[in-house]
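The values are calculated or read from the model by the stated rules, or taken from the named source; none is laboratory data. Everything numeric here is computed off the predicted structure, so don't read it as measured data. Don't worry about glycine lacking a Cβ; one is built from the backbone with ideal geometry, like all the others, and counts go over all protein chains shown. Side chains are part of the model used for accessible areas, which takes the heavy atoms of the whole protein and leaves out ligands, DNA and RNA. Shrake-Rupley method; radii C 1.70, N 1.55, O 1.52, S 1.80 Å.
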Amino acid sequence: MSRILIVENEDSPRQALKDLLERQSYRVATAASLDAAQALAPQTFDLVVCDLRLVGEDGTQMLALSAPTPVLVMTDHASLRKAVVALKEGAVDCIAKPADDDDVLATVSRVLSRPAPKETAASSGVPRGMIGECVAMQRVYERIRKTAPADVTVLVQGESGTGKELVARALHRQSRRTKAPLICVNCAAIPETLIESELFGHEKGAFTGANSARTGLVEAADGGTLFLDEIGELPLDAQARLLRVLQEGEIRRIGSVETRYVDVRLIAATHRDLHSLSRSGEFRLDLYYRLNVMQIELPPLRERDDDILSIAQVLLERACTRHARPGLRLSRAARRDILGYAWPGNVRELENALERGVILAEGHLIHPDDLGLPLERRQDPVAASPEPSDAEEEDALGDDLSLEDYFQHFVLEHQAQMSETELAQKLGISRKCLWERRQRLGIPRKKNARRLA
């Protein structure tokens, strides 16, 4: 039977929905926050049902956290605009609260009956969530396609921020373990004193503070995939235990004499040279050889010139959606700086720069100052690509300067899908001002445009 994850921070409706679905024999897990949901590996469920109005959190973020699992959103009347955004970003359907039980069950049944999209080389060749067509990334995609079904240990190498976790998720989705859990662990984020307990579990009373027995993350990944990011930070004692898992499939909880057996596929990632660490005694050489069955090397962003602007455009659109600033664009100078910068933080740094740009941009163009990039450059952008200044660009491109042209473009593009109220809210003006500008510019209202009372 299908597995469903409910993300709802109010206890009563969360439990009511859980009981309703379990009466239909669905296997249901619940989470009260995005962090709690992410810890349950939402991408391994068949369906995620998420309330958009989570206290202090944006429920639409569940779409990215759950991919490729379909997300069914719930919302009350006050959040209908957010529901529209969620549907545009990929939510499969929306349930209005308070919801009728029969409507909920019918919607869940309809969504689960849809055929799941297959991620194969025959479709686009690019794993879901990854962007880029350069030669180096094509090699990565090919290695993923060939390695995923082989069920062998994989070592993913690359600088911080290059997308190593995306590779792990693609390997899991294309493997025979896709219906089983994918457990992701950042070894550098767990204190050294707790890492063994987190990975391998412990019995009650095994150490001070162990008030109850706990299942480790390795055991939780039984039948599925365990992704250990920054494995070079793993302490030597934990390395020895992990080696036993890889060699014999055995784990033993801290404080236990009982041996348990697990079937786990391990994907490890690091930005460090594990072979060099093994020579200095910081990493076990035998574990390195066990990990390095298949290796996937991710190129840094500075070596992906053909992809940088494509990645920037996708990240910009996501940031515009998050901050409700449609229509923002990068100026030529900003694009030139993006191409010229070395990006030591890779895609993660690019995403942060674009987020700053969306927040700081005054008009509908994002300029270099909005991005806040350091002055150092990989090359001299003026010598490499002589382009007009921002002022010259705006003189040459009236659509980048004229607010009236931008207004007209936005209204004509969106009026078929939005009411007058929604158009005015998106543009940050009143309905009266919207009507007056329509009259002045001669923009007729679509007859089939939605109208709200």
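The listed residues TRP343, TRP435, once ranked by accessible area (1.4 Å probe) with the largest placed first, stand as TRP435, TRP343. Counting only heavy atoms of the protein chains and using a 1.4 Å probe, TYR261 has close to 150 Å² of accessible surface. When +1 charges are put on Lys and Arg Cβ atoms and -1 charges on Asp and Glu Cβ atoms, the dipole computed for the chain relative to its Cα centre reaches about 1420 debye. Comparing ILE190, PHE200, GLN174 along the charge dipole axis of segment 137-202, the residue lying farthest to the positive side is GLN174, per the Cβ-charge model. On segment 99-257, 48 percent of the accessible area sits on carbon and sulfur atoms, based on a 1.4 Å probe.
Sorted largest first, the spans of the alpha carbon positions of segment 209-341 along the three principal axes are 64, 38, 28 Å. When the charge dipole of the chain is built from unit charges on Cβ atoms (+1 for Lys and Arg, -1 for Asp and Glu) and taken about the Cα centre, the candidate among GLY363, VAL245, PHE283 whose Cα reaches farthest toward its positive end is VAL245. Solvent exposure of the chain, expressed per residue, is 50 Å² of accessible area, with all protein chains present and a 1.4 angstrom probe. Only alpha carbons enter this Debye calculation for segment 122-214, each as an equal point scatterer, and the log10 of I(q)/I(0) it gives at q = 0.18, 0.23 Å⁻¹ is -0.89, -1.20. Based on the Stokes-Einstein relation at 4 °C and a viscosity of 1.567 mPa s, and on the Kirkwood radius from alpha carbon pairs, the chain is assigned a translational diffusion coefficient of 52 µm²/s.
What is the gain in length, in nm to one decimal, between ASP11 and SER113 on full extension, counting 0.36 nm per residue of separation less the C-alpha to C-alpha distance?
Extra length from ASP11 to SER113 when fully extended: 33.9 nm.
Distances over 13 Å make up what percent of all Cα-Cα pairs in segment 149-192? Tail of P(r) above 13 Å: 63 percent of Cα pairs. Of the two radii for segment 25-79, the radius of gyration is 0.94 times the Kirkwood radius, both from the alpha carbons; that is the Rg over Rh value.
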